[in-house]
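Step one of this worksheet: look at the structure below.
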Amino acid sequence: MRLERVAAQVPTGARLADIGSDHGYLPVALMRRGVIAGAVAGEVALTPFHAAERTVRDNGHEQLITVRLADGLAAIEPQDDITAVSICGMGGETIRDILDAGKARLSGRERLILQPNGGEQPLRQWLMDNGYRILSEEVLRENRFYYEIIVAERAGPVQYTAEELYFGPLHMQARSPVFLSK
Ligand SMILES: C[S@@+](CC[C@H](N)C(=O)[O-])C[C@H]1O[C@@H](n2cnc3c(N)ncnc32)[C@H](O)[C@@H]1O
């Protein structure tokens, strides 16, 4: 359910960079469904890197999904023409550090689809500081855990209050039952 909700935020025809792809399920599922035009699956660790390679190969997507052993956004090359970046299943601080260290690899036209496990506040702070507007926020509960999904795009200066950075500006407006319960 968590990755399904992330998948729902990837635009049709996107060229996706899935950073910290692990098993590579997200780009492979999206390619099987015909949602994305191409993808890079980035992994910093050898065992998940090999797992992603295997998933891509078993599904016959080697031509359209490139698996790279790389730290963070170093997996992205200019010729990949990436239009969406997903970074999921890590702490918000780790996601922030990956974005900050790899800023130079972003054109600013990519949609960021982020699924932090905690540490949402510092991640939202980075988005604000770097001119990213939060377009969608979702919180879901699965196996006793709450998971947040934050979607953002570069849109020029944006200002959030301390409360909005902590709780999420769109959560504060929508006040969904699962957000209130979290
Ligand atoms: C818990 S898994 C999440 C996998 C998948 N994204 C998901 O949401 O199901 C986190 C993965 O991120 C990878 N990772 C952590 N830091 C990374 C970095 N700096 N660059 C690339 N991958 C990283 C880890 O090796 C691990 O495979």
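Derivation of every value follows stated rules applied to the coordinates shown; laboratory data play no part. Remember, predicted model here, so these are calculated numbers, not experimental data. Don't worry about glycine lacking a Cβ; one is built from the backbone with ideal geometry, like all the others, and counts go over all protein chains shown.
Kindly indicate the residue of the stretch 153-173 that is in contact (Cβ under 8 Å) with a residue 24 or more places away in the chain and either farther than 21 Å from Arg111 by Cα or hydrophobic (A, V, I, L, M, F, W, C) (or both) and also surrounded by the fewest Cβ atoms within 10 Å (Cβ to Cβ) among those meeting that condition. It would help to see each step written out before you state the result.
Our first condition is that a residue be in contact (Cβ under 8 Å) with a residue 24 or more places away in the chain; within the stretch 153-173, this holds for 153-160, 164-166, 168-171.
Retained after the next criterion (residues that are either farther than 21 Å from Arg111 by Cα or hydrophobic (A, V, I, L, M, F, W, C) (or both)): 155, 158, 165-166, 170.
Values: Ala155: 12, Val158: 16, Leu165: 18, Tyr166: 14, Leu170: 17.
Filtering the stretch 153-173 for residues that are in contact (Cβ under 8 Å) with a residue 24 or more places away in the chain and either farther than 21 Å from Arg111 by Cα or hydrophobic (A, V, I, L, M, F, W, C) (or both), the one surrounded by the fewest Cβ atoms within 10 Å (Cβ to Cβ) comes out as Ala155.
Looking only at the stretch 97-108, decide whether some residue is under 15 Å from Asp18 (Cβ atoms) and not hydrophobic (A, V, I, L, M, F, W, C).
Yes, the stretch 97-108 has at least one match.
Given Tyr132, Tyr160, Tyr147, which one is among the aromatic types (Phe, Trp, Tyr), more than 19 Å from the chain's Cα centre (by Cα) and under 26 Å from Lys103 (Cα atoms)?
Values: Tyr132 fails: more than 19 Å from the chain's Cα centre (by Cα); Tyr147 fails: more than 19 Å from the chain's Cα centre (by Cα).
None of the other options fit; the residue is Tyr160.
Quick one: how many residues across the stretch 107-152 are surrounded by fewer than 17 Cβ atoms within 10 Å (Cβ to Cβ) and within 19 Å of Ile36 (Cβ to Cβ)?
4
Being in contact (Cβ under 8 Å) with a residue 24 or more places away in the chain and within 12 Å of the ligand (Cβ to nearest atom) narrows it down to one residue among Ala37, Ala29; which is it?
Working: Ala37 fails: within 12 Å of the ligand (Cβ to nearest atom).
After ruling out the rest, the residue left standing is Ala29.
Do you know which residues across the stretch 6-52 are in contact with a Lys or Arg (Cβ under 7 Å, 6 or more places away or on another chain), among the small types (Gly, Ala, Ser) and either surrounded by fewer than 16 Cβ atoms within 10 Å (Cβ to Cβ) or in a loop (DSSP other than H, G, I, E, B) (or both)?
Within the stretch 6-52, Ala37 is the sole residue that qualifies.
With the requirement that a residue be more than 16 Å from Leu112 (Cα to Cα) and outside any loop (DSSP other than H, G, I, E, B), what does the stretch 148-169 give you?
Matches in the stretch 148-169: Ala162, Glu163, Glu164, Leu165, Tyr166, Phe167, Pro169.
For the structure I just gave you, tell me whether Val67 is within 22 Å of Glu4 (Cα to Cα), within 15 Å of the chain's Cα centre (by Cα), within 14 Å of the ligand (Cβ to nearest atom) and in contact (Cβ under 8 Å) with a residue 40 or more places away in the chain. Full working, then the answer.
Values: within 22 Å of Glu4 (Cα to Cα): yes; within 15 Å of the chain's Cα centre (by Cα): no; within 14 Å of the ligand (Cβ to nearest atom): yes; in contact (Cβ under 8 Å) with a residue 40 or more places away in the chain: yes.
Here the answer is no, as Val67 does not meet what is asked.
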